[in-house]
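Scroll down for the structure; my scribbles are underneath it.
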Amino acid sequence: MSISKKRLHVITWGCQMNVYDSARMADVLAPLGYAPADAPADADMVILNTCHIRDRATEKVFSELGRLRVVKAERAAIGQNTILAVAGCVAQAEGAEILARAPYVDIVLGPQTYHRLPEMVAQASRAAGAVIDTDFPVESKFDFLPDDAAAQTAGGLTAFLTIQEGCDKFCSFCVVPYTRGAEASRPAAAVIAEARRMVAGGAREITLLGQNVNAWHGVDAQGAPSTLGRLLRELAAIPGLARLRYTTSHPRDMDDDLLAAHADVPAVMPFLHLPVQSGSDRMLASMNRKHTAADYLDIVARLRKARPDIALSSDFIVGHPGETEADFEATLVLIRAVGFAQAFSFKYSPRPGTPAAGAPMQVPEAEKDRRLQALQALLRDQQAAFNAACVGRTLPVLITGPGRYPGQIAGRSPYLQPVHLDGPLSLVGREIPVRIAAAHTNSLAGEPFMDRVAA
Ligand code: 5AD
Ligand code: SF4
């Protein structure tokens, strides 16, 4: 295929992993001549990168496809072809069903097959009919992504790096083990090489990604399985890399080595997203979480011992099948015991094919609504209290760019709070101490920074 100038538009739904995957798909298509397009109407190829984890994901995909069909028809009327691809977890879960309901789609590809995208595009452009690839190949897709992928899309001060994919935990409510497949870890050397390229491209903060990131056990240089704690130490040694984060973790995989990394590695940020889902042992068992509320509280205590300034974030589900008022109260008790800086909470939504979807004793929608509101009110109060407690503290802030108003700069705290302050743009890219003057709902205001360090 000749390399002519073409335009690609990617629509991304869902988690950071999908954001990362969208960037990688853009990378593998760049050698075919695809440059970014701002809107589907300007694009020769549109990729819909989907998420299946909650709500009516499939219906959302079909209604977006309906809109894209119109765009495709309008472009066809002026003699322009548009390749339409559906990627991500809905593609994995629905596969051929997508082509049956939306025959104008050209490519359906699951998350494990992005490296084969150029080949699929070539097939689709030869008009050989729609292409579908949702296999779980034995070889890892990581092995096939171009080496300079990071260098092409990075350049940001904060970067995401996928180190692990898939999950073997099979929580009762979750589609991830079915859509993303078995747990697979990328080798340490590949992760470190990509991190080095990201830092060379300007990254100061890297967030390691994986559906079950702390289960990472990629091989080390000797071919033996390593641990996330060790990987964090190795990454922290990269000159110029100031901050490390990892998400999303499972409580079962918070091992001693990882806890020790929180104590010994200053680059590991004192903020951890550690989903608990429920505070009721009965619910945790029926969710197949493989930990109790006490296990979670014990991990939190050990994390706080390792790193006294650590703050926690979590995920909660209300209204999992069989959840009683007493189970729900137990979740509130756990939340009060921990004190979260931030959290995400969801009403249980049945995902076809998961064990909980067919379970008896589904909780009525109105009851789920009531519980979610009560839970979110408590979590909002905790977030406000955490932000308020930052006032008067001096926090290291990574300055990422200009603020909203002239003379302002913006950055992020160790706790991922946006921080705004008066200061010169020459500070962009630096981590500076900022005294927090005020707290708003979702951000902090810092005192003006007087730059006394010679530039
Ligand atoms: N219903 C509601 N929430 C869900 N999550 C995952 N699956 C479901 C579901 N079926 C939530 C969990 C998970 C987060 C990413 O999404 O809390 O941690
Ligand atoms: Fe889903 Fe997370 Fe449970 Fe894995 S550990 S099944 S990704 S909720």
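Read the figures in this text as sums done on the coordinates, not as results from a lab. Quick caveat: nothing in here was measured; it's all calculated off a predicted structure. Every residue, glycine among them, receives a Cβ derived from its backbone with ideal geometry; neighbour counts consider all protein chains shown.
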Practice task
Could you tell me whether the range 1-102 comes out rounded, prolate or oblate from its Cα gyration tensor? Rule is a ≥ b ≥ c as square roots of the eigenvalues, rounded for a/c under 1.5, then prolate if a/b exceeds b/c, otherwise oblate.
Solution key: oblate
Exercise for the section: Quick one: order ILE47, ILE335 by neighbouring beta-carbon count within 10 Å, fewest to most. Expected result: ILE335, ILE47
Problem - Neighbour-count order for LEU334, LEU378, fewest beta carbons within 10 angstrom listed first - result: LEU378, LEU334
Problem - Summed residue charge, Cβ within 15 Å of SER286's Cβ, Lys/Arg positive, Asp/Glu negative - result: +1
Fill in the blank from the handout: For ARG351, the net charge from surrounding residues (Cβ-Cβ under 10 Å; K, R +1; D, E -1) works out to 0
Handout entry: Cysteines without a disulfide-compatible neighbour (Cβ-Cβ under 4.7 Å), the chain
Key = CYS15, CYS51, CYS89, CYS167, CYS390
Problem - Ascending count of other beta-carbon atoms within 10 Å, so fewest first, for GLU97, GLU165 - result: GLU97, GLU165
Practice task
Calculate the dipole size of the chain relative to its Cα centre from +1 charges on Lys and Arg beta carbons and -1 charges on Asp and Glu beta carbons; express the result in debye to the nearest 20.
Solution key: 740 debye
Fill in the blank from the handout: Checked the range 52-107 with the C-alpha gyration tensor, a ≥ b ≥ c its square-rooted eigenvalues, rounded below a/c of 1.5, otherwise prolate if a/b is larger than b/c and oblate if not; verdict prolate
Exercise for the section: Determine, from the Cβ-Cβ distance of ALA41 and ASN442 and an R0 of 35 Å, the FRET efficiency 1/(1 + (r/R0)^6), rounded to the nearest 0.05. Expected result: 0.60
Practice task
Could you let me know the centre-to-centre spacing of the range 84-114 and the range 385-405, using Cα atoms, in angstrom?
Solution key: 42 Å
Completion exercise
Of the DSSP H helices in the chain, the ones reaching 15 Å or more along their long axis in Cα terms and averaging at least -1.0 in Kyte-Doolittle hydropathy are 16-29, 57-77, 188-200, 293-306, 325-338, 365-390
Fill in the blank from the handout: So, over other residues within a Cβ distance under 12 Å of ILE192, counting Lys, Arg +1 and Asp, Glu -1, the net charge is +2
Practice task
If a/c stays under 1.5 just call it rounded; otherwise compare a/b with b/c (prolate if a/b is bigger, oblate if not). Do that for the chain, with a ≥ b ≥ c from the square roots of the Cα gyration tensor eigenvalues.
Solution key: oblate
Handout entry: the chain: relative contact order in percent, alpha carbon pairs under 8 Å with at least 6 residues between
Key = 9 percent
Problem - Fraction of antiparallel bridges per DSSP, the chain only, in percent to nearest 5 - result: 30 percent
